[in-house]
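Notes follow once the structure below has been shown.
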Amino acid sequence: MTLRIRPGVLLFCLAILSPTFAFAAETPAHPEPNPLMVAPFALLLLAIAIAPFVHGPFWARRYHVISIGLASIVTVYYVFILRNAPRMLASAIDYMGFMAIMGSLFVIASGIHIKMIGHATPATNTGMLALGALLANLIGTTGASMLLIRPFLRINKYRAAPYQVVFFIFIVSNIGGALTPIGDPPLFLGYLKGVPFFWLLTKGRVVLAWLLCIVALLVLFFTIDRIYYARHPTEKRSTTKDVIKLEGSHNFIWLFVIIGLVLAQKAEWLGNLEQWRVLHSLGNSLGWTALKTTESFVAFFVAALMLATAWAAYRFSSKDALRQNEFSFAPVREVGFLFFGIFATMVPALDLLETHASSLGLTSPREYFWASGALSSVLDNAPTYLSFLSAAFGLHHLSVRDPADVQTFLAGAITARYVVAISLGSVYFGAATYIGNGPNFMVKSIAESCGAKCPSFFGYFLKYSVPILLILFILISLFLLT
């Protein structure tokens, strides 16, 4: 008997196991890359933007080859030219951690089927988006997106339009999750660095900015949706009473287990493991401190539980719910391959940013908002957040790696504004492009697999992000980031 393993399943399994190695390698001071090595990243972005429009069938068959090929160029350069293999290993670790949470939540949420009987009025659609914005802070933007995107598309099937997918990405997949560390990866990294869990919620500027964006987007969506709703013939609208049925609700248990495991990586409850002689000896042999040995054990423990949870969720999911959701690994496989290329090719850009962030001449919270946001729209927003946070700390002669400095920075009336600005910029600008945040591309992939039309890469940016988001961000910058 021949054992056959599908690439998507293998990619998912590796991603789930990856936190085991999350602290196995440190990134030492490394030589600065040649700026020309940013070219593979630029080429990959152009390919994602242009290739589906120029030759869709070719891109559908070869996107993984192009992504891996461009990633290989950067990898070979770092390993054999710069002799800095640990840097690429660090990026691989980040990627695998990213895919772990994305893949787990995708599988678990796919086992929850929300059956909505009736028709999608503008009020119903707007209510679903508002619910998604709230859920994003409780189960993350990925969890909320995977839970709601299919019922949202299904109830709008007879009048599906590109703007519906776009506003879903704006509200549920990005801006909605700006209030808690669970909401978006950059905020979770801040939590791991010492930013208290509810710190952002205590800042009036953050809550006001969130309300401004969410309410403005919901009002605009309702207005547009009402216009399109009036254009469709009434005979296509369901006349049955609106009913909502939930199937596979037990998967919510697995969903919250994953969220709990994510938060457990802070590992304060495990304490110091120096008394574990075997682990301590292993840590010494790898050059780890006692703290890193503890963190590595936590990473292994969390990875094992995530793997068990994801397997159990898939094993015991309602088969009918999976069938009704038309579940397949295709969306997560597409995201996996494309972000594999993105995480590898963006390394030179991130290294150049980290090296020169402090010399960019940024001095005000408003400037940090725009700078961190602009780069977060095309780079992964988590490392971009950390790069600008480190630069802001350095501007005030403090270190983000020192817990005492973090508390000093957060307690300052002026310095705290930098954290607010970088947090908002990193999260909000993730909505500007399909690759600004992980759920964006997955929502696009699911929407297209369900037959919904989505704007092109440039269409999304020029037709929606620029005229809608840019205005909101200017308002936030002028009135809330003084």
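The values are calculated or read from the model by the stated rules, or taken from the named source; none is laboratory data. Predicted model, so just to flag it, every value in this text is computed and none were measured. All Cβ positions, even for glycine, are placed from backbone atoms using ideal geometry, and neighbour counts span all protein chains on display. Ligands, DNA and RNA are excluded from the accessible area calculation, which covers all protein heavy atoms including side chains. Shrake-Rupley method; radii C 1.70, N 1.55, O 1.52, S 1.80 Å.
Here is how the numbers come out for the structure above:
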{"quantity": "Residue in the stretch 149-171 that is open to solvent by 10 Å² or more (accessible area, probe 1.4 Å), free of Cβ contacts under 8 Å to residues at least 24 places away in the same chain and among the aliphatic types (A, V, I, L, M) present", "calculated": "no"}
{"quantity": "Hits in the stretch 356-385 (condition: in contact (Cβ under 8 Å) with a residue 24 or more places away in the chain, of a type in the set (Gly, Ala, Ser) and open to solvent by 50 Å² or more (accessible area, probe 1.4 Å))", "calculated": "SER358, ALA374"}
{"quantity": "Every residue from the stretch 37-58 that is outside any helix (DSSP H, G or I) and within 17 Å of ALA71 (Cα to Cα)", "calculated": "none"}
{"quantity": "Enumeration of residues in the stretch 218-246 that are at pLDDT 85 or above, surrounded by 13 or more Cβ atoms within 10 Å (Cβ to Cβ) and either small (Gly, Ala, Ser) or more than 16 Å from LEU135 (Cβ to Cβ) (or both)", "calculated": "LEU220, PHE221, PHE222, ILE224, ASP225, ARG226, TYR228, TYR229"}
{"quantity": "Set PHE461, PHE388, PHE479: member being in contact with a Leu (Cβ under 9 Å, 6 or more places away or on another chain) and open to solvent by 20 Å² or more (accessible area, probe 1.4 Å)", "calculated": "PHE479"}
{"quantity": "Tally, over the stretch 391-436, of residues that are assigned to a helix (DSSP H, G or I) and either crowded, with 23+ Cβ neighbours inside 10 Å or of a type in the set (Phe, Trp, Tyr) (or both)", "calculated": "17"}
{"quantity": "Sole exception among (1) closer than 27 Å to VAL257 by Cβ; (2) assigned to a helix (DSSP H, G or I); (3) at pLDDT below 90 for LEU89, by number", "calculated": "(1)"}
{"quantity": "Every pair of residues 6+ apart whose Cβ atoms lie under 6 Å, when the first sits in the stretch 433-451 and is free of Cβ contacts under 8 Å to residues at least 60 places away in the same chain and under 14 Å from PHE170 (Cβ atoms) while the second is of a type outside the set (D, E, K, R) and open to solvent by 10 Å² or more (accessible area, probe 1.4 Å)", "calculated": "THR433/SER377; THR433/PHE461"}
{"quantity": "Qualifying residue in the stretch 400-411 (condition: within 22 Å of GLY336 (Cβ to Cβ), of a type in the set (S, T, N, Q) and in contact with a Ser or Thr (Cβ under 9 Å, 6 or more places away or on another chain))", "calculated": "no"}
{"quantity": "Of all residues in the stretch 374-390 being part of a helix (DSSP H, G or I) and touching a Ser or Thr at 6+ places or on another chain (Cβ under 7 Å), the one that is farthest from SER173 (Cα to Cα)", "calculated": "PHE388"}
